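Okay, so here's the structure we're looking at.
The values are calculated or read from the model by the stated rules, or taken from the named source; none is laboratory data. Not measured: the values here are computed from a predicted model. No Cβ is skipped: glycine too gets one built from the backbone with ideal geometry, and neighbour counts run over all protein chains shown. These accessible areas exclude ligands, DNA and RNA; they are computed on the full protein's heavy atoms, side chains included. Shrake-Rupley method; radii C 1.70, N 1.55, O 1.52, S 1.80 Å.
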Amino acid sequence: AQLSAGATELLEPEAVDVRLLPVKAAPKRSPVTGESEMNNDQIAGKWKQMKGEAKVMWGELTDDELDIAEGHKDKLSGMVQERYGKTKEEAEREVDDFLSRY
């Protein structure tokens, strides 16, 4: 079909070459577990929901500390490490396990 200048043509779904469609990036994978990781922006966006669960899991952390952590893995694991006397690896693993539920 010929189209006039500026006109667009709607293509039938089978006429679209799917190889030309944009590809959504795969989620980041943990080098340790191979599971997808949430980035800090995603965690911060869900932090209000997660904060209550974090308080249950790490009851010795104050609300103010959890607000400061704001879901940032490094801050939260540092607080868990310090408050509970865990090694860095233990605290990081615990925080990663917690975050993987979301």
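Across segment 59-96, what is the total count of residues that are open to solvent by 90 Å² or more (accessible area, probe 1.4 Å) and under 18 Å from Lys46 (Cβ atoms)?
Here the count works out to 3.
Quick one: Ala54 ticks every box in (1) modelled with pLDDT of 90 or more; (2) open to solvent by 100 Å² or more (accessible area, probe 1.4 Å) except a single one, so which number is it?
Failed condition: (2).
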